[in-house]
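The values are calculated or read from the model by the stated rules, or taken from the named source; none is laboratory data. Predicted model only: the values in this text are computed from it and were never measured. Here the Cβ positions follow ideal geometry from the backbone for every residue, glycine too, while neighbour counts run over all protein chains shown. Protein only, heavy atoms only, side chains kept; ligands, DNA and RNA dropped before computing areas. Shrake-Rupley method; radii C 1.70, N 1.55, O 1.52, S 1.80 Å.
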Amino acid sequence: MGYGQKVKKWFFDEDGDEVEEYEDVEIDTEPKTSLFEQAKFSKTSDAIKALNANKDSQLILFEPRAFAETQDIANHLKQKKAAVVNLHRLQKEQSKRVVDFLSGVIFAIEGDIQRIGPRIFLCTPKNIGVSGTIDLDEDESEE
């Protein structure tokens, strides 16, 4: 058998005696994620499930330009919706009045009010729990 015939046999298997069969193998097309990503995903999905379980809860952002707009914030709080209130557009005296009014509303509905930034407040009714605290610097708290 010449060299050319050996190559031809090797490529084309002229004998035909042996037929190789391959097993069906499943290929995993799912991307691999690290344990950190899996833990992060499970915590995020748990938080989303908790929010979806309580369809009544909502968070509304307010940036009042006058004290008169405070009544709208109070109405949303009475409807068991949380509110983030940014008082940067109000003068200092009006800001104090708004915070005093909202404190009264929060007391009446047994909710909670927390300062989350300079002149920014989180107001929540009692159906929405808030955990954790935000520490403000001294120069931020004096504004």
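Computed quantities for the displayed model
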quantity	calculated
In nm, spacing of pseudo-spin labels at residue 8 and residue 103 (7 Å Cα→C-beta vector)	10.1
HN-Hα J in Hz across the range 98-115 - Karplus 6.51, -1.76, 1.60, θ = phi - 60°, x for Gly and Pro	5, 5, 4, 4, 5, 4, x, 4, 4, 4, 5, 9, 6, x, 8, 10, 9, 8
Surface share of carbon and sulfur [accessible, 1.4 angstrom probe, percent] for the range 57-124	53
Quotient of C-alpha Rg and 2.2 N^0.38 Å, computed over the range 57-124	0.97
Heavy-atom accessible area ranking, 1.4 Å probe, most first, across 133, 124	133, 124
Accessible-area value, residue 135, 1.4 Å probe, nucleic acids and ligands omitted, Å²	140
Förster-model FRET efficiency, 22 Å R0, residue 135 and residue 110, C-beta, rounded to 0.05	0.30
Computed FRET value (nearest 0.05) for residue 65 with residue 96, which takes r as the C-beta separation and R₀ as 22 Å	0.85
Under 5 Å, built H, 5+ apart or other chain: amide partners of residue 60	82, 83, 84
